[in-house]
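Each remark here refers to the structure printed beneath this line.
The values are calculated or read from the model by the stated rules, or taken from the named source; none is laboratory data. What you are looking at is a predicted structure, and each value in this text was computed from that prediction instead of being measured. Backbone-built Cβ (ideal geometry, glycine too); neighbour counts: all protein chains shown. Remember, those area values only see protein heavy atoms, side chains included, never the ligands or the DNA or RNA. Shrake-Rupley method; radii C 1.70, N 1.55, O 1.52, S 1.80 Å.
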Amino acid sequence: MFRDTTKAVQIGDRVIGAGNPVLIQSMCNTKTENVAATVEQILKLEQAGCEIIRVAVPTMEAAEALSEIKKQIHIPLVADIHFDYRLAIASIEHGADKIRINPGNIGSMDRVRAVVEKAKEHKIPIRVGVNSGSLEKSLLEKYGCVTAEALVESALHQASVIEELGYDNLVISIKSSDVMMCVKAHELIAEKTKYPLHVGITEAGTLHAGNIKSAVGLGIILYEGIGDTIRVSLTGDPVEEVKSAKQILKTLGLRKGGIEVVSCPTCGRTRIDLISLANQVETMVTEFDDLDIKVAVMGCVVNGPGEAREADIGVAGGIGEGLIIKKGEVLRKVPESALLSELRAELVKIREQKS
């Protein structure tokens, strides 16, 4: 089942699957018991574009905190549960919009049944999560090591356990830190299940390495028509996960809107501090995310004016100065120190004209 034919699953006031837009998720790295810190982080993530947020629930205090957290945020809240079925039940009772469990580590069938019955009662979905580090010993013995086939078999088995209890409000995730194994696993499972897929490269790494691995892996999977919601897993500020996820979706044409910044790689002809300027522009344009336009930041007069012409607005550097170019027309020449402020002024005009 590919993106346009997977089962629709509602999470809070959002829906994934059945051809709905691919939604961006992240996970808080705060202590969930600390309501103020968790809410503060979630609100920052919302502003960055996060559409579903997950929090860890390792204690009963964390489960109980969900009620207060939900009152102060505006996106669906997912509870991440391991080992203790009572935490899953408490999370549902305290307002979780979805729970993430691995039935294999919850315990006996009676405990799994208790969780499923509570989810049924509150009509919330269960995300069955399997990753390369949680594969059952029996499958490791069968396949000899972690493989894409083993991940798929594990996930489908875990989903079938819940299906046998009469519940199919499910989302499946199969993750590996091995990018190509992850790709193959998703290709295999997309042919075998109707459930929407939560896609990500687990334990991808730091901002630099993790972004590359996630972009490659998620790019392939999403381009093949697989995946209904994504998380970019990075060791760092969760806001960076959301920014990266948005860029991946935009690059693939799966997300429209917002400003796209293009900039040249610089060369020996560059006579302005283009690297600094490009980074400042990328930060500055976040306040104009309501505009669906392309902004170009080019370093010299050789290719700059021509490449900037392809953008809605842009700058092309000279010697300590630069051109402000709009729709291929040179508006004016300004000192290097004024390029950022002049570019911002033009964005304000574009916003005013569109309003």
Given the chain, what percent of its DSSP beta bridges are antiparallel, to the nearest 5?
-> 30 percent
Farthest positive-ward along the chain dipole, Cα basis, beta-carbon charges - from G104, T206, L291 = L291
Place +1 on the Cβ of every Lys and Arg and -1 on the Cβ of every Asp and Glu in region 227-270, take the dipole about the Cα centre, and give the residue among S244, L254, T229 whose Cα lies farthest towards its positive end.
-> L254
Got a sec to turn the phi values of region 51-61 into Karplus ³J(HN,Hα) couplings, 6.51 cos²θ - 1.76 cosθ + 1.60 with θ = phi - 60°, whole Hz, x for Gly and Pro?
-> 10, 9, 10, 10, 10, 6, 10, x, 9, 5, 4
Using a 1.4 angstrom probe with every protein chain in place, what is the largest-first accessible-area order of K250, K71?
-> K71, K250
Semi-axes in Å, largest first, for region 111-195 (Cα gyration tensor, √(5λ)) are 25, 14, 10
Note, ³J(HN,Hα) from phi for region 21-36, Karplus 6.51, -1.76, 1.60, rounded to Hz, x at Gly and Pro | x, 5, 9, 9, 10, 8, 9, 5, 10, 7, 6, 4, 4, 8, 4, 4
On Cα atoms only, tilt of 179-190 relative to the major axis of the chain in degrees = 60 degrees
Determine the share of the chain's accessible area contributed by carbon and sulfur atoms, expressed in whole percent, with a 1.4 angstrom probe.
-> 51 percent
Å² of accessible area per residue within region 11-104, as computed with a 1.4 Å probe and no ligands counted = 39 Å²
Report the equivalent ellipsoid semi-axes for region 1-128 in whole Å, largest first, defined as the square roots of five times the eigenvalues of the gyration tensor built from alpha carbon atoms.
-> 22, 21, 11
Report, to the nearest 10°, how far helix 148-163 tilts away from the longest principal axis of the Cα atoms in the chain, using its own Cα long axis and a range of 0 to 90°.
-> 60 degrees
Probe 1.4 Å, heavy atoms of protein chains only: per residue, the accessible area of region 208-355 in Å² is 49 Å²
In Å, the C-alpha Rg and Dmax of the chain are 23.2, 74
Taking Cα atoms, the helix 274-284 axis meets the longest principal axis of the chain at an angle in degrees (rounded to 10) of 60 degrees
Excluding same-chain residues fewer than 8 positions from K70, which lysines have a Cα within less than 22 Å of its Cα?
-> K31, K44, K98, K118, K120, K123
